[in-house]
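Engineer: Questions regarding the structure given below will be posed in turn.
The values are calculated or read from the model by the stated rules, or taken from the named source; none is laboratory data. Everything numeric here is computed off the predicted structure, so don't read it as measured data. Methodologically, a virtual Cβ is constructed for each residue, glycine included, from the backbone with ideal geometry; neighbour enumeration extends over all protein chains shown.
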Amino acid sequence: MNSIAPYELLGLLHRVSKMARPPRPEGPCEGETVRGRGRILTTLCKEDGLSQKTLSDRLGIRPQSLSEAIVKLIDEGFVKRLPSDSDKRELLIFITDEGRKKGEEIRARRELFANDFFSPLSEKEKNSLFEIMKKLEENSKEENI
């Protein structure tokens, strides 16, 4: 088998990662009209009452971009900001019932897409791909790439 140049692998990884993004539904979809809003909702569905700093760190979204997205989600009635019980100066982000419903819809749509996207792979291939990707991720963190 021929040796594959690392830049070819990187190019392939880039192309496949672009294909791995679920298409947005037709028309405006609250919670996903701005990058990251759907991720904010699905994250808060799993763990509610996070600070903006924690959300920013977890999602890799710049604080300013996160703040703008949260304001829009508040305006749409999907989240609310409340003071922390332990530190009244800190505001925590909580998901509303409407936001939870939207977050669960988004997660279900993404799970269906992921199932279809990875359907050509066997379980063994999925596990191998997962291990390879985790190894690359861990190395990138160590090397600060």
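Engineer: Every residue in the stretch 93-111 that is modelled with pLDDT under 95, surrounded by 11 or more Cβ atoms within 10 Å (Cβ to Cβ) and among the aliphatic types (A, V, I, L, M), please.
Structural biologist: ILE106, the sole residue that qualifies.
Engineer: Name the single residue, out of those in the stretch 112-123 being out of contact with any helix residue (DSSP H, G or I) (no Cβ under 8 Å at 6 or more places or on another chain) and not small (Gly, Ala, Ser), that is surrounded by the most Cβ atoms within 10 Å (Cβ to Cβ).
Structural biologist: Ranking the candidates gives PHE113 first.
Engineer: Residues that are within 20 Å of SER17 (Cβ to Cβ), at least 3 per element: which helices (runs of 4 or more DSSP H) completely within the stretch 58-143 meet that?
Structural biologist: On the way: elements: 63-75, 97-117, 123-143.
In the stretch 58-143, 97-117, 123-143 are the helices (runs of 4 or more DSSP H) which contain 3 or more residues that are within 20 Å of SER17 (Cβ to Cβ).
Engineer: May I pose another question? Of these, SER140, SER84, which one is of a type outside the set (A, V, I, L, M) and free of Cβ contacts under 8 Å to residues at least 24 places away in the same chain?
Structural biologist: On inspection, the qualifying residue turns out to be SER140.
Engineer: Condition (residue is surrounded by 12 or more Cβ atoms within 10 Å (Cβ to Cβ) and closer than 24 Å to LEU12 by Cβ) applied to the stretch 50-58: is it met by at least one residue?
Structural biologist: No, the conditions are met nowhere in the stretch 50-58.
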